[in-house]
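Peer 1: I have a structure here, written as structure tokens, and I will follow up with some questions on it.
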Amino acid sequence: MQPTSHAFKQNAHEALENPVLQEALGGIRTGWQAARGRAAGALPEFEQLRDTGRDIKNHVLAHLDLYLEAFTAKVEEAGGKVHWARDAAEARTIVLELCREADARTVTKSKSMIAEEIGLNPWLEANDVKPVETDLGEYIIQLAGQPPSHLVGPAVHMTKDEVSDLFHKHHGGERLEEGGALVGEARRVLRQRYLEADVGITGANFLVAETGSIITVTNEGNAELTQGLPRTHICIASIEKIVPTMEDAFTLLRLLARSATGQEFSAYTTVMTGPKREEDLDGPREFHLVLLDNGRSKMVGSAFQEMLRCIRCGACMNHCPVYLAAGGHAYGWVYVGPMGSVLTPQFVGIEEAHPLPNASTFCGRCEEVCPVRIPLPKLMRHWREEQFNRQLNPPAARYGLALWGFVARRPRLYRLATGMAVGAMRLLGGRQGRMRRLPLAGGWTGTRDMPAPQGPTFMQAWKKRRGAGS
Ligand code: SF4
């Protein structure tokens with residue numbers, strides 16, 4: 001996917017003017033956000049579990065090389081094959097070669113953000129292999145020719161009516177209106193695709209070092225059919241998905257479902273170890289695991305290491321006022337919301353993604369709900385510093401900050417300037433105390449009034465208080 005993160009502002013403006021998108025985004029507040037609150041409130045040890053989750057991931061990152069080696073040995077012991085991919089291009093090439101070895105014309109895919117990250121679908125299509133998404137949300141956006149707009153609900157930006165039109169256009173027949181009927185139709189179409197597929201491609205939520213197992217989580221059971229029915233199963237996962245033990249994986253799974261959708265546990269949690277054994281009734285004859293680095297090993301030990309704790313639950317975006325107003329596509333790449341504002345500059349470069357660390361009010365809600373306690377505002381601030389150091393922010397912001405720095409270092413001048421500014425704003429606010437226009441603040445006053453300052457300034461109040469104290 002060609003990034004358009006540099007155009008975040010423009011993308012967000014368009015999103016704000018799209019009433020259909022705004023209606024769809026409204027559902028996140030009443031749906032997942034509320035459900036996460038109820039699920040967290042109903043589990044007395046939830047906060048303690050978050051500490052444990054953070055500690056498990058920190059421990060893994062401190063010993064990543066050892067756990068990766070242990071995991072690889074276990075996968076091979078179980079009859080699977082591990083392929084290491086340094087970057088997206090290498091991962092795509094490996095997957096295509098495996099598809100060609102399997103003589104595959106059609107592959108089924110269950111939802112994988114790593115597949116999105118490496119641009120797998122367009123690559124397979126360009127090489128005469130037809131990928132069919134089997135997660136309902138992914139299937140919808142594949143038909144619509146759009147990228148996902150959310151980690152957990154890739155089609156969350158679409159309304160039922162839009163899906164109805166889309167299915168009618170692609171499946172023909174009667175136009176279905178009811179949600180259950182639309183799901184039934186998708187199921188009917190996809191069942192046939194599962195049977196036709198030569199290869200199944202899945203992601204993984206966790207990779208368990210002690211057993212060499214992969215764990216997938218879905219609410220539709222599509223990952224199970226994708227990995228179990230075709231002759232060959234390819235799993236693509238990034239290196240930080242590793243956890244030491246099955247117990248650790250289940251600790252994180254308890255956090256994942258509650259944080260993502262407010263469920264105690266997802267409907268399907270599947271543990272898969274190697275290909276089909278003699279005594280197994282079914283399963284793939286070949287199992288390949290493509291382990292992707294794509295810059296992650298460089299994040300270990302850097303200021304952004306903590307981002308590697310992410311378990312892709314989506315809670316940070318469900319609670320972010322900027323995401324809830326602009327939607328996922330405004331971020332212009334695969335990862336969206338607060339986690340995307342940290343990860344996207346890492347993958348596509350801060351030059352391309354420089355507006356994203358500013359796509360935040362720094363209200364701190366993302367950090368407050370992150371199940372593994374990633375300090376997202378702090379990490380975005382690191383990117384802002386980087387952006388400032390490389391002079392990537394607009395000249396008005398740079399000169400404005402330089403001017404502020406000059407004045408702030410001179411207390412007398414600062415007092416004089418703030419006193420004059422406050423006086424002018426009170427004058428502009430008039431009797432109603434609200435400003436309709438304010439120079440340099442058109443982004444705010446273009447759509448709403450700004451309240452004029454009330455009462456004493458902070459410095460006046462501080463002086464008075466100090467005087468009273470002494
Ligand atoms: S950063 Fe935290 S809240 Fe956001 S997706 Fe990752 S784990 Fe979930």
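Bear in mind that the values in this text are calculations on the coordinates, not laboratory data. Not measured: the values here are computed from a predicted model. For neighbour counting, all protein chains shown are included, and Cβ atoms are generated from backbone atoms with ideal geometry for every residue, glycine included.
Peer 1: Could you give log10 I(q)/I(0) at q = 0.10, 0.11, 0.14, 0.18 Å⁻¹ for the range 264-377, computed by the Debye formula over C-alpha point scatterers of equal weight, without solvent?
Peer 2: -0.42, -0.49, -0.70, -0.95
Peer 1: Show me the ranking of peptides 451-460, 141-150, 334-343 by mean Cβ neighbours inside 10 Å, starting with the highest.
Peer 2: Highest-to-lowest ranking by the protection proxy: 334-343, 141-150, 451-460.
Peer 1: Moving to a separate point now. Using modelled backbone amide H atoms (1.01 Å from N, in-plane), which distant-in-sequence or interchain residues come within less than 5 Å of Val132's amide H?
Peer 2: Amide H neighbours of Val132: Val107, Thr108, Lys109.
Peer 1: Now, a different point. Students often get this wrong, so check it: of Lys111/Lys169; Lys111/Lys378; Lys111/Lys241; Lys57/Lys241; Lys81/Lys276; Lys111/Lys160, which have C-alpha atoms separated by over 18 Å?
Peer 2: The answer is Lys111/Lys169; Lys111/Lys378; Lys111/Lys160.
Peer 1: Determine ³J(HN,Hα), in whole Hz, for all residues of the range 173-178 in sequence, where each value follows from phi through the Karplus function 6.51 cos²θ - 1.76 cosθ + 1.60 and θ = phi - 60°; x replaces Gly and Pro.
Peer 2: So the J values, rounded to whole Hz, are x, 6, 7, 8, 10, 7.
Peer 1: Scan around Thr261 for amide H atoms under 5 Å from its own, H built in the peptide plane at 1.01 Å from N, and keep only partners 5 or more places away or cross-chain.
Peer 2: HN-HN under 5 Å from Thr261: empty list.
Peer 1: Using all C-alpha to C-alpha distances in the range 43-297, build P(r) with 10 Å bins and read off the rounded percent in each one.
Peer 2: Pairs per bin, as whole percents: 7, 30, 36, 21, 6, 0.
Peer 1: Further, regarding this structure: Which GluC sites (Glu not before Pro) from the range 237-294 combine a DSSP loop assignment with at most 14 other Cβ atoms within 10 Å?
Peer 2: Here the GluC sites (Glu not before Pro) that fit, given the DSSP loop and packing criteria, are Glu264, Glu278, Glu279.
Peer 1: Please list, in chain and number order, the residues 5+ apart from Val82 or on another chain whose amide H is under 5 Å from its amide H, with Hs placed from the backbone.
Peer 2: Excluding prolines and chain starts, which carry no amide H, the hits are Leu289.
Peer 1: Over the Cα atoms of the chain, what radius of gyration and what Dmax do you get, in Å?
Peer 2: 25.3, 86
Peer 1: Hey, another quick one. Dipole size in debye (nearest 20) for the range 395-469 around its Cα centre, Lys and Arg Cβ +1, Asp and Glu Cβ -1?
Peer 2: 280 debye
Peer 1: Work out the FRET efficiency for Tyr399 and Arg431 from their Cβ-Cβ distance, taking R0 = 35 Å, and round it to the nearest 0.05.
Peer 2: That gives a FRET efficiency of 0.55.
Peer 1: Might you report the magnitude of the Cβ-based charge dipole of the range 367-412 about its Cα centre, with Lys and Arg at +1 and Asp and Glu at -1, to the nearest 20 debye?
Peer 2: 320 debye
Peer 1: Based on a Kirkwood Rh over C-alpha pairs, give the Stokes-Einstein translational diffusion coefficient of the range 395-469 at 37 °C and viscosity 0.692 mPa s in µm²/s.
Peer 2: So the translational diffusion coefficient is about 233 µm²/s.
Peer 1: Can you check what the net charge comes to around Thr447, using other residues whose Cβ is under 13 Å from the Cβ of Thr447 (Lys, Arg +1; Asp, Glu -1)?
Peer 2: Working: positive: Arg436, Arg437, Arg448; negative: Glu17, Asp449.
Taking every other residue near Thr447 into account, the sum is +1.
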